Each structure stands twice: as structure tokens, then as C-alpha cells.
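The values are calculated or read from the model by the stated rules, or taken from the named source; none is laboratory data. Quantities reported herein were computed from a predicted structural model and do not represent experimental measurements. Every residue, glycine among them, receives a Cβ derived from its backbone with ideal geometry; neighbour counts consider all protein chains shown.
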Amino acid sequence: MGIRTKILIVDDHLTTQMILKRLFGKLGYKNIVLAEDGEAALYELKKNRFDLIMSDWNMPNLNGLEFLKKVRTHKPHKDVPFIMLTSEGTKEKVLEALQAGVGHYMVKPVGFENLEKKLKEVIG
């Protein structure tokens, strides 16, 4: 994948968006699109085809699980790898996310090594 991989980062905190964009950049991923919540991300999905989606859970307007459910009904993106990156780390929340169809789950804060490992697992 690498440099051509198109990634959608969905998080309502600008600082988190910028940190993730920088971390992805250090790993060689430059084609990054940012969205501040699930509604903005759905708009981006209408305009672009993505290879990976990374989303926060707790966001205004349309949270991460609601967004995931809509992604999975959107034919062009229904099988795109989806990483939930959230501060929700309890077993109950992880189980809820997995039952909703989240394929991969990471708890904030995420570091360079953890992100690199997860990306190798998810997209090679």
C-alpha cells in the first residue's frame, strides 16, 4: 500500500488529528484526509475512495459506532479496514465495538510503534 494508500482520520480533536497525521507521515503515508466527526466523514466518503478508516468513538453529531454502521452499508467502503481509536478501553466497550463490526481497536494515546504495528497487521 504505502504512499498511495488513502486514509481517512475521523476525530473531533484537532490536536489528535494533527498527531495522527504526523505519525502516519513518518510511516510514509501522505494521502491523509481529516474529518471532525462522523457526518463530515460521510461527506468525505461520498467524494473519495479510502483504503483505511481510523475513527474516534466519542464525537458530536455522529459517533464512531454510528459512523461505522453507516460505512458498512456504503457499498464502496463496506469492506475497508476500520480502526477504532478511542479512550474507551473497558472490556465492555471493546466487546460492544467488536459486535458492531469494528475490525481493529486501539486505545488512546497511541504511539509510533503501536501505530506501525497495527498498520502492518491491518494493511500490510
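Overview of results
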quantity	calculated
Conditions (1) crowded, with 17+ Cβ neighbours inside 10 Å; (2) at pLDDT below 95; (3) hydrophobic (A, V, I, L, M, F, W, C): number failed by Phe112	(1)
Scan of region 73-99 for residues that are buried (at least 16 other Cβ atoms within 10 Å of the Cβ) and either of a type in the set (Phe, Trp, Tyr) or free of Cβ contacts under 8 Å to residues at least 40 places away in the same chain (or both), ordered by number	His77, Val80, Phe82, Ile83, Met84, Thr86, Glu88, Lys93, Val94
The listed residue being outside any strand (DSSP E or B) and in contact with a His (Cβ under 9 Å, 6 or more places away or on another chain), out of Leu42, Leu20, Leu98	Leu42
Checklist (1) in a loop (DSSP other than H, G, I, E, B); (2) at negative phi applied to Asn61, failing item	(2)
Subset of region 93-104 (residues that are at pLDDT below 90 and either closer than 22 Å to Leu42 by Cα or among the charged types (D, E, K, R) (or both))	Lys93, Glu96, Ala97, Leu98, Gln99, Ala100, Gly101, Val102, Gly103
